[in-house]
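Following: one structure in structure tokens, then a few remarks.
The values are calculated or read from the model by the stated rules, or taken from the named source; none is laboratory data. Keep in mind that what you see is a predicted model, and the values were worked out from it rather than measured. Backbone-built Cβ (ideal geometry, glycine too); neighbour counts: all protein chains shown. With ligands, DNA and RNA removed, areas are computed over all heavy atoms of the protein, side chains included. Shrake-Rupley method; radii C 1.70, N 1.55, O 1.52, S 1.80 Å.
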Amino acid sequence: MAEHAEHPAYPVGLRLSGRHVVVIGGGQVAQRRLPALIAAGAEVTLISPSATPSVDAMADAGEITWIRRRYEDGDLTDAWYALVATSDPVANEAASAEAERSRTWCVRSDDAEAATAWTPATGRSEGVTVAVLTGKDPRRSAAVRDAIVEGLRDGSLAAPHHRTRAPFVALVGGGPGDPDLITVRGRRLLAEADVVIADRLGPRDLLDELPPHVEVIDAAKIPYGRFMAQEAINNALIEHAKAGRSVVRLKGGDPFVFGRGMEEAQALAEAGIPCTVVPGISSSISVPGAAGIPVTHRGVAHEFTVVSGHVAPDDPRSLVDWQSLAKLRGTLVILMGVDKIGAIAEALVAHGKSPETPLALVQEGTTAAQRRVDATLATVAEVVQAHDVRPPAVIVIGEVVAVGASAPHA
């Protein structure tokens, strides 16, 4: 290969499904490369006297066939592709020589110049595979790969679809408020949208990044103020999808955690419109975490329960069993309960919860306006009023609040 080293590699995508691939060596290199070979559908044989625990697990799961011995001449018979990655230079050279004789494309982890194939830095984003080769500089290959894949995922690298696509709707969980906490898939779908129907509690900063042609519909449901009826939201989703537009319903947190996402999915299903659900980071765990509060902690809480507090405990519409919740020893997380927290605290204490149980309210969690106010069940009603705590705020009740108070956090 040395006399051809000045020529660039010829890029090609190997279709290895159902084809025999041999990997020699069960160390860290094999651990990194095997998942992609398995995902490609290759019939992988690993030849190595030992392997890392992760590679061992792949063999136990039946994803690869492991022959527990050193390389022997003839091991590459009928192989379409080989990866040589042992710590023994003699074995590597012998396997490479066999590959050359049998015309099997061979990658060598120890000597790229002696190999007949190179492994590119590879990344994937929604059906697109990006493979980058820069010769002898694998770190640069990885950096270029990462830049391209990230651009495709977050929409900063324009790569529009040119084939006709069916109308679709995506119910996207935007996370707790910080625009950086939306999922990669959610951000990419926003970049592809023609219409975005956004909640007040969604990451509003993301709307500024949308191209000028995107229609943004405000579906803000401000408590006890103006709101867009759920039926109107459902109709807007259906009408824009039927008009052939790509529609993203941007919701705060996760679409199915007190978000009426299922109502929207059901309405779309009844209209015959396919719907993609993109989960989001729920404020029930992310906001306490951002304030330094673990919802579970070894020796303190083995459970956490998330409850909607928008209906008072004595309201006949309430579906929450406050009496049972008061008996739990774990963490209680209450969403949408700021204005009802006094009544909620009274109910918990009345059913046996200690009035000295620590409590924290985290307002505008994960945003620049985040603040944390601590109290107890006995004092929370007074504290909320004194500190003017307003929605949106996540309320955490339990001993984990004290754990979080003693832990340093940024």
Efficiency of FRET between residue 52 and residue 180 - r from beta-carbon atoms, R0 45 angstrom, step 0.05:
0.85
If R0 is 56 Å, what FRET efficiency do you get for residue 399 and residue 232 from their C-beta distance, rounded to 0.05?
0.80
Where Rh is the Kirkwood radius over the Cα pairs of the stretch 251-290, the temperature 20 °C and the viscosity 1.002 mPa s, what D in µm²/s does Stokes-Einstein return?
194
Gain in span if fully extended, residue 12 to residue 112, counting 0.36 nm per residue against the direct Cα distance:
34.3 nm
Calculate the spin-label point distance for residue 105 paired with residue 88, positioning each point 7 Å from the Cα along the beta-carbon direction, and give it in nanometres.
2.7
Whole-number percent relative contact order across the stretch 187-291, with pairs defined as alpha carbons under 8 Å at least 6 apart
28
Got a number for the accessible area of residue 314? Probe 1.4 Å, square angstrom, nearest 10.
130
If you restrict to DSSP beta bridges whose two residues both lie in the chain, what percentage is antiparallel, to the nearest 5?
35
If I compute solvent accessible area with a 1.4 Å probe over the protein chains, what percent of it on the chain is carbon and sulfur?
53
Longest principal axis of the chain (C-alpha) makes with the long axis of helix 138-154 (C-alpha) an angle, in degrees to the nearest 10, of 40
At q = 0.18 Å⁻¹, what is the base-10 log of I(q)/I(0) for the stretch 238-386 according to the Debye formula with one equal point scatterer per Cα and no solvent? Please give it to two decimals.
-1.11
Taking 51 Å as R0, compute the FRET efficiency from the Cβ-Cβ separation of residue 139 and residue 200 and round it to 0.05.
0.70
Hey, could you grab the Kirkwood Rh for the stretch 83-147? Inverse mean 1/r over distinct alpha carbon pairs, Å, one decimal.
13.0
How large, in Å, is the chain by the Kirkwood hydrodynamic radius built from its alpha-carbon pairs?
25.5
What nm distance separates the two modelled labels at residue 209 and residue 60, each placed 7 Å from Cα along Cα→Cβ?
4.0
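Give the range of the longest stretch in the chain that excludes all GluC sites (Glu not before Pro) found in loop regions by DSSP and having at most 11 other beta-carbon atoms within 10 Å.
By the stated rule (loop sites, at most 11 other Cβ atoms within 10 Å), 7-355.
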Label-point separation (nm) for residue 262 and residue 302, each offset 7 Å from Cα along Cα-to-Cβ?
2.8
Using 0.36 nm times the number of residues separating residue 323 and residue 245, minus their current alpha carbon distance, what extension gain do you get?
23.3 nm
Would you mind classifying the stretch 1-156 by shape? Square roots of the alpha carbon gyration tensor eigenvalues, ordered a ≥ b ≥ c; an a/c under 1.5 is rounded, otherwise it is prolate if a/b is larger than b/c and oblate if not.
oblate
So how much slack lies between residue 381 and residue 270, counting 0.36 nm per residue of separation and subtracting their Cα-Cα distance, in nm?
35.5 nm
The answer for the chain, accessible area per residue at 1.4 Å probe in Å², is 54
